[in-house]
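Below: one structure, written as structure tokens.
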Amino acid sequence: METKQCNRCLEHKPLTSFSKKTLRCRQCQGVIWRENRIKAGEDPDLIHQQKKNVKRTLQRLGVDRLPSEWLLNSQRAKETNEHYRKVLEKQKGGCALCGRENSYLGKNKTGALHRDHDDDLHILRGILCLHCNSGIGMFQENTGYMLAAAAYLERYAALPDEGRVRWQKYKTYPTYGVLCEICNQPESVEKKGEIMRPCQDHDHETGFLRGVLCTRCNTGLGKFGDSPQLLRAAVSYLISYGRPPGVSCNRRKNKTKPSRAPKRLGIPEFLEPTGAGRGRPAYRLCADLP
């Protein structure tokens, strides 16, 4: 059996006793972690219990990740969790638009549903899955764009197959200077300091080309699964919560850039500062979980 020497206890132990790319065994790492938590004025046993609470919550919901608003230790988080439960009961445990019980995150992972809010009116709306929530954001919460997108899909679905061109993966199409067929706006998404070229939209089932769309509208169609019914349901959903018809939200104009300090320090979003620690702030797990 292949072994490795710990640089703290100096014992030779099997490789399964070490984490990846570490020189200390798991037992010594646990002792050091416990000592550091006690120095920071924290209770290691309480932190272990909170971690178990997180795992139980994930198992109960059947998801791999929780929304960040569930993991904040504040009065706002308690109100958010209560609102989440009440609205989810009214929606029969699923997304208000598509009815999914969880959000698909890719690579066979799922996440809890997200609470939707109006960026202009600053009110909470319903509970949506990740795809429907981001799809509404791609259309800038503009019901006019969504109705135009539904008509766009229905118009091209009614065309006969004869004479239509099939999409080819590595073939480029002349799209520069063409306005989007849904929002009638030029491309506005930047990448590496340059404006991206508009997208040549195509039907993923038939492979036929449709029209020229901007990046936001093309992505929004994909989020809604190219479904006109789901787009019209999103329009009814927004209007029911008082969204003015045909008006885009000004979220990007009023959005302030958040602090990136926790991300640079590698702090998970379910930790909160304790005020203790030397040189860098100490953090602990938030206790208020659903």
Problem - Meets criteria (in contact with a Phe, Trp or Tyr (Cβ under 8 Å, 6 or more places away or on another chain), of a type in the set (Gly, Ala, Ser) and either modelled with pLDDT under 70 or closer than 15 Å to ALA233 by Cα (or both)) for GLY126 - result: yes
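Is it fair to say LYS13 is part of a loop (DSSP other than H, G, I, E, B) and without any contact (Cβ under 8 Å) to a residue 40 or more places away in the chain?
Values: part of a loop (DSSP other than H, G, I, E, B): no; without any contact (Cβ under 8 Å) to a residue 40 or more places away in the chain: yes.
Spelling it out, it is not the case that LYS13 is part of a loop (DSSP other than H, G, I, E, B) and without any contact (Cβ under 8 Å) to a residue 40 or more places away in the chain.
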Fill in the blank from the handout: The residue from ARG85, ARG60 that alone is charged (D, E, K, R), at pLDDT below 75 and surrounded by fewer than 18 Cβ atoms within 10 Å (Cβ to Cβ) is ARG60
Problem - Failed criterion for ILE136 (all others in (1) farther than 19 Å from HIS204 by Cβ; (2) of a type in the set (A, V, I, L, M, F, W, C); (3) not in a helix (DSSP H, G or I) hold) - result: (3)
Problem - Qualifying position, being at pLDDT 85 or above, surrounded by fewer than 21 Cβ atoms within 10 Å (Cβ to Cβ), closer than 15 Å to ASN133 by Cα and of a type in the set (D, E, K, R), among ARG232, ARG251 - result: ARG232
Handout entry: Yes/no for TYR152 being under 13 Å from the mean Cα position of the chain (by Cα) and of a type in the set (Phe, Trp, Tyr)
Key = no
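So for the stretch 185-207 (the condition being touching a His at 6+ places or on another chain (Cβ under 7 Å) and either crowded, with 21+ Cβ neighbours inside 10 Å or in the same structural domain as TYR104 (by TED's automatic domain parsing) (or both)), does at least one residue qualify?
no
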Completion exercise
When PRO67 is run through (1) at pLDDT below 75; (2) within 26 Å of SER240 (Cβ to Cβ); (3) loosely packed, with under 14 Cβ neighbours inside 10 Å, the failure sits at (3)
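Kindly indicate the residue of the stretch 133-186 that is among the polar types (S, T, N, Q) and either modelled with pLDDT of 80 or more or in contact with a Ser or Thr (Cβ under 8 Å, 6 or more places away or on another chain) (or both) and also nearest to LYS223 (Cα to Cα) among those meeting that condition.
The selected residue is SER134.
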Problem - Tally of residues being touching a Phe, Trp or Tyr at 6+ places or on another chain (Cβ under 8 Å) and at pLDDT 75 or above across the stretch 42-57 - result: 1
Completion exercise
Looking across the stretch 201-231 at residues that are of a type in the set (A, V, I, L, M, F, W, C) and in a strand (DSSP E or B), the single one that is nearest to CYS183 (Cα to Cα) is LEU213
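The values are calculated or read from the model by the stated rules, or taken from the named source; none is laboratory data. Every value quoted in this text rests on a predicted model; they were computed, and no experiment measured them. Don't worry about glycine lacking a Cβ; one is built from the backbone with ideal geometry, like all the others, and counts go over all protein chains shown.
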